[in-house]
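The next block holds one structure in the form of structure tokens; read it before the comments.
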Amino acid sequence: MEAGGAADTLLSGACVLFTLGMFSTGLSDLRHMRMTRRVDNVQFLPFLTTDVNNLSWLSYGTLKGDGTLIVVNSVGAVLQTLYILVYLHYCPRKRPVLLQTATLLGVLLLGFGYFWLLVPNIEARLQQLGLFCSVFTISMYLSPLADLANVIQTKSTQRFSFSLTIATLLTSASWTLYGFRLQDPYIMVPNLPGILTSFIRLWLFWKYPQEQDRNYQLLQT
């Protein structure tokens, strides 16, 4: 029993460590925005969707009474909100950004209203909220696949971050094991695509290394 408890503690700690490491990759974008006072080459939508994802999983963790989910997604939501605020501060065209933010927040509020007001049964609420979180997480993990055609066409992996790929792989693997340990498919299943897409990106890094990227760019000039 003690061995099982120690394993659960280590697994929970791994989930917290790897996930916060993945969230902290945005600090480089934050530093870039503060130093240049510009948002060039910084994508806003990943900050926003990750924030919504964090808040959704925070609700699930609170309803389930899972401390690991609560800690990770509380810190994640704070970090993503910070990234969003800094982006808004330096963004010259605030209207489209504010519109995207308002739209997603509106969807989030409608979802919370539905789950907490129209689904009184706690077990049914937990299952429906878990399903929503799973679908949203899967869509986030699969979204980078849209860049695959560009990577193969240009033979360049410049659009991908190697450190983020490693962080995503470790995070997805730890949460998959955590979900399996808890026998919670809503945690386990949506992280499997994260493992798959991470291996695909690692294969692309191997096939199109950075040195080859530079050579290809020289040939194009």
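Only the coordinates and a few stated rules stand behind these numbers; no lab work does. Only a predicted model underlies this, so the values are computations on that prediction, with no experimental measurement involved. Cβ atoms come from the backbone with ideal geometry, glycine included; neighbour counts cover every protein chain shown.
Where does helix 192-207 land angle-wise versus the long Cα axis of the chain, in degrees 0 to 90, nearest 10? Its long axis makes an angle of about 20 degrees.
Take segment 56-127, drop everything but the C-alpha atoms, weight them equally and run the Debye formula without solvent; then report log10 I(q)/I(0) at 0.16, 0.18, 0.23, 0.28 Å⁻¹ to two decimals. Values returned for q = 0.16, 0.18, 0.23, 0.28 Å⁻¹ are -0.71, -0.83, -1.05, -1.19. Relative to the longest principal axis of the Cα atoms of the chain, the long axis of helix 45-64 lies at roughly 20 degrees.
When only Cα pairs below 8 angstrom with a gap of at least 6 residues are kept, the chain shows a relative contact order of 23 percent.
Overall shape of the chain was characterised from the C-alpha gyration tensor. The equivalent ellipsoid obtained from it has semi-axes of 32, 23, 16 Å, in decreasing order.
Think of each Lys and Arg Cβ as +1 and each Asp and Glu Cβ as -1; about the Cα centre, that makes the dipole of segment 1-43 roughly 460 debye. Classify segment 92-159: rounded, prolate or oblate, from the alpha-carbon gyration tensor (a ≥ b ≥ c, eigenvalue square roots; a/c under 1.5 rounded; otherwise prolate if a/b is larger than b/c)? Here segment 92-159 falls in the oblate category. Helix content alone sets the calculated 222 nm mean residue ellipticity of the chain: runs of n ≥ 4 DSSP H residues at -39500 (n - 2.57) each, divided across all residues, give -26500 deg cm²/dmol.
Note on segment 1-103: percent of Cα-Cα distances in each 10 Å bin, starting at 0 and stopping at the bin with the largest distance, equals 15, 40, 27, 13, 5, 1.
Two numbers describe the Cα atoms of segment 59-178: Rg and Dmax, which are 17.5, 53 Å.
Charge dipole of the chain (Cα centre as origin; +1 on each Lys and Arg Cβ, -1 on each Asp and Glu Cβ, all else neutral): 840 debye, rounded to the nearest 20.
Helix 2-23 and the longest principal axis of the C-alpha atoms of the chain enclose an angle of approximately 40°.
Remark: spin-label model distance TRP203-THR81 equals 4.0 nm, labels positioned 7 Å along the Cα→Cβ axis.
When each of the peptides 174-181, 26-33 is scored by the mean number of other C-beta atoms lying within 10 Å of its residues, the order from highest to lowest reads 174-181, 26-33. Between LEU110 and ARG37, what FRET efficiency follows from the Cβ-Cβ distance if R0 is 30 Å, with the result rounded to 0.05? The calculated FRET efficiency here is 0.25.
Comparing GLN127, TYR60, ALA167 along the charge dipole axis of segment 57-171, the residue lying farthest to the positive side is ALA167, per the Cβ-charge model.
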